[in-house]
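Q: One structure is given below, represented as structure tokens, and several questions about it will come after.
Only the coordinates and a few stated rules stand behind these numbers; no lab work does. As the structure is a prediction and not an experimental result, all values here were calculated from the model. Counting neighbours? That spans all protein chains shown, and the Cβs are built from the backbone with ideal geometry, glycine included.
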Amino acid sequence: MSRKFTPKVITANDLRDGDVVYLTADDRWSRDHAEAELIEDEAHAEIRLIDASRQGDIIVGAYLADARSGANGPEPVHFREVFRAKGPSNYRHGKQAFEARA
Amino acid sequence: MYTYNEFDEAFVRSRVAQFRGQVERRLDGSLTEEEFRPLRLMNGLYLQLHAYMLRVAIPYGTLDSAKLRQLAYLADTYDKGYGHFTTRQNIQYNWPKLDDVPDMLDALADVGMHAIQTSGNTIRNVTSDHFAGAAADEIADPRPVAELLRQWSTDHPEFQFLPRKFKIAITGSPTDRAVTKAHDIGLRMVRNDAGEAGFEVIVGGGLGRTPMVGKVIRDFLPQADLLPYCEAIVSVYNLLGRRDNKYKARIKITVHENGLDKIRDLVEARFAEIRPAFSGIDQEHLAAIEAQFAAPAFKQADTEAFDKAYDTDPVFRSWVDTNLTAHKAEGYAIVTVSLKAHGETPGDATSAQMRLLADLAAKYAHDELRISHEQNVVLPHVHKSDLPALHAALRSAGLGTANVGLASDIIACPGMDYCALATARSIPVAQKIAERVDALKIEHEVGALKIKISGCINACGHHHVGHIGILGLDRAGVENYQITLGGDGTETAAIGTRTGPGFAYDEIVPAIERLLLAYLEERLSAEETFLETYRRVGMAPFKTALYGEEQGSRARAA
């Protein structure tokens with residue numbers, strides 16, 4: 001029996017400012033992890049990654065990252081993705097700076 | 001200090017113009033990321049976790065006030081008001097936008113700086129003793145030779161596509177403050193029996209996943225032979241170094257796999273071949289460079305103000321006792337300004353701090369500054385009579401911390417807070433250790449101690465040569481920290497030994513505290529340093545402190 005597929009989101013960095021972005025179900029690149037499309041099927045994930053990789057004029061380095069469903073949308077699983085979704089721990093820079101302002 | 005000539009200026013400007021065009025073509029879609037990536041890396045531009053990162057070269061760690069003010073300007077204009085000084089004496093900006101980078105490079109060129117060869121498989125920024133030109137124990141200032149090496153290696157057509165990156169460090173003093181034995185080539189100035197100055201040439205050192213202490217390939221190399229000899233080493237490596245496996249591509253592996261004798265034979269043969277082509281023009285050029293590094297006109301003044309402050313002000317006295325080093329000139333001192341205020345990010349300076357340091361360097365330090373590989377700022381030439389005023393000014397900006405060489409003077413790489421390669425965080429671990437030793441008020445009692453933290457196996461934080469080294473890893477999706485003991489980055493270089501299993505993120509600071517307390521328990525006297533105690537008693541008492549009596553007993557029995 002094949003191993004159960006861990007749900008994924010597609011993430012990359014924005015070409016101009018390097019900010020972490022996520023592919024949404026309606027083909028936008030969102031800066032908010034919760035807006036990402038949570039992909040629960042392996043074949044669909046591969047197709048979406050090919051779609052994403054073709055958008056090299058907007059983003060850099062698209063890849064699949066483990067995620068899980070949360071109260072407000074997909075949430076990161078691995079601590080690296082938690083940091084990418086938030087920002088560094090020594091200053092309130094990166095995405096958390098925008099949250100603080102909101 | 002070296003001032004760009006017309007050639008340097010034209011070369012750097014043309015590279016900026018080229019890169020401006022490359023960025024435009026990337027943004028309009030003419031270049032793919034695969035095509036653009038090597039071009040941006042040649043100009044020091046990385047893409048990290050949250051943003052781009054621009055690494056700017058500070059050749060051999062030397063700055064003047066104009067350069068430092070420009071670095072502050074870049075921090076304010078294109079970043080978030082600060083910069084991060086690195087373990088290779090460079091500065092990194094963590095938040096530039098791609099469109100802005102050509103303007104940043106132009107602004108750097110305005111003050112004779114660049115970001116060329118701060119990345120890629122080339123010869124990187126040549127690092128040096130941060131007390132160069134000032135240290136009392138120095139044979140000669142190594143920076144003219146470092147500048148010669150910079151010019152020789154910059155855009156050297158033979159060495160733009162080496163098997164892997166290549167790092168050279170140089171010291172003019174027998175006391176090694178430049179970690180020369182952990183570099184691809186280490187150059188240590190020594191005198192021969194006739195009293196002439198030359199270099200001990202060390203090859204094949206390095207940290208990373210396969211740490212190696214460099215090996216002496218030549219006991220004594222006359223200075224006039226230095227450039228052809230270095231060229232011979234890099235040339236042999238360029239042909240022999242492995243290109244099939246990135247992890248076996250550094251010269252330390254080439255030396256290890258082929259043996260030092262074979263490498264020496266090949267280098268000597270290549271050296272014999274190319275030496276005649278060096279007609280002496282390089283030495284004439286070096287003499288011209290040397291003239292630009294002439295020592296400043298040191299002043300004569302009494303030290304009464306210093307003596308009085310030292311006797312009456314305990315805060316000043318504490319700072320003098322930890323942050324000053326003996327200077328070669330009468331009445332002068334070398335000041336190390338700590339960028340390790342307890343709880344702050346090691347190596348970070350705000351633009352306001354940079355501007356203040358620039359002002360203070362202009363006023364009190366003959367307009368010279370150095371960045372140390374230990375991520376501090378050095379004012380190399382300060383007359384003792386100016387120290388009380390300097391100290392007061394530094395304190396006003398959070399730069400007066402008296403902890404240089406102590407437990408909270410921690411080297412830490414950016415780790416997973418910034419770096420795309422990292423496997424765990426380093427900065428918050430360093431912050432928490434510093435806060436803890438400050439709360440316990442034990443670091444002055446503990447004395448000389450080098451704690452170094454890397455957030456991945458690549459070892460930018462030099463953990464292998466820390467008296468206490470900490471390596472952050474990802475163990476099954478959780479941060480885990482391994483400890484090594486007994487590392488040494490000086491002329492008695494040694495790679496630290498792993499203590500045993502690693503510690504979780506919330507366990508690592510208490511573990512380090514237990515090591516410090518065990519040392520205080522074990523040492524014979526306050527004069528015996530942590531490293532000396534470790535060398536005398538070995539791992540056992542420290543294992544007991546970390547893992548309990550059973551593990552310690554096993555270590556003793558082994």
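Q: Could you tell me which residue out of B:Asn43, B:Ala439, B:Leu226 lies farthest along the dipole of the protein assembly as shown toward its positive end? Charges go on the beta carbon: Lys and Arg +1, Asp and Glu -1, centred on the Cα centre.
A: B:Ala439
Q: Could you work out the local net charge near B:Ala272, counting Lys and Arg as +1, Asp and Glu as -1, over the other residues with Cβ closer than 12 Å to its Cβ?
A: -2
Q: Could you sort the peptides B:162-172, B:498-508 by per-residue average Cβ neighbour count (10 Å cutoff), highest mean leading?
A: Packing proxy ranking, top to bottom: B:162-172, B:498-508.
Q: Please compute, for peptide B:44-50, the average count of beta-carbon atoms on other protein chains lying within 10 Å of each residue's beta-carbon.
A: Partner Cβ neighbours, averaged per residue: 5.
Q: How much length would be gained if the chain were fully extended between B:Ala194 and B:Asp244, taking 0.36 nm per residue of separation minus their Cα-Cα distance, in nm to one decimal?
A: Length gained between B:Ala194 and B:Asp244: 13.5 nm.
Q: What does the average come to when, for each residue of peptide A:79-91, you count the partner chain Cβ atoms lying within 10 Å of its Cβ?
A: 6
Q: Neighbouring Cβ atoms within 10 Å as the yardstick, rank A:Arg3, B:Arg143 fewest first.
A: With the sparsest Cβ surroundings first, the list reads A:Arg3, B:Arg143.
Q: Right, another one. Just to be sure I understand the model, the point goes 7 Å from the Cα along the line to the Cβ. What's the resulting B:Lys441 to B:Glu35 distance in nm?
A: Each label point lies 7 Å from its Cα, and together they span 6.5 nm.
Q: Now, a different point. If you put +1 on each Lys and Arg Cβ and -1 on each Asp and Glu Cβ, how big is the dipole of the protein assembly as shown around its Cα centre, in Debye rounded to 20?
A: Around 1320 debye, computed over the protein assembly as shown.
Q: Follow-up question, since we're still on this one. Which FRET efficiency, nearest 0.05, do A:Thr24 and A:Lys4 yield, Cβ-Cβ r, R0 22 Å?
A: Rounded to the nearest 0.05, the efficiency is 0.35.
Q: What residue among B:Ala75, B:Tyr52, B:Ser65 has its Cα farthest toward the positive end of the dipole of region B:26-100, where the charges are +1 on Lys, Arg and -1 on Asp, Glu, each on the Cβ?
A: B:Ser65
Q: What lysines could a cross-link reach from B:Lys441, if we take a straight Cα to Cα line under 25 Å and drop same-chain neighbours fewer than 8 places away?
A: B:Lys340, B:Lys432, B:Lys450, B:Lys452, B:Lys543
Q: Tell me, what is the FRET efficiency for B:Ser525 and B:Thr312 to the nearest 0.05, using R0 = 30 angstrom and their Cβ-Cβ distance as r?
A: According to the calculation, E is roughly 0.55.
Q: Please average, across the residues of A:13-24, the number of beta carbons from any other chain that are within 10 Å of each residue's own beta carbon, and give a whole number.
A: Rounded to a whole number, the mean comes out at 5.
Q: Between B:Phe161 and B:Phe7, what's the calculated FRET efficiency when r is the beta-carbon distance and R0 is 25 Å? Round to 0.05.
A: That gives a FRET efficiency of 0.60.
Q: Per chain B: cysteines with no other Cys C-beta under 4.7 angstrom?
A: Unpaired cysteines in chain B: B:Cys230, B:Cys419, B:Cys456.
Q: What does the helix-only formula give at 222 nm for the protein assembly as shown: each DSSP H stretch with n ≥ 4 adding -39500 (n - 2.57), the total divided by the residues, and the result rounded to the nearest 500 deg cm²/dmol?
A: Helix contribution divided over all residues of the protein assembly as shown: -11000 deg cm²/dmol.
Q: Let me ask something else. Could you sort B:478-491, B:198-211 so that the peptide with the highest average Cβ count within 10 Å comes first and the rest follow in order?
A: Ranking, from highest mean packing down: B:198-211, B:478-491.
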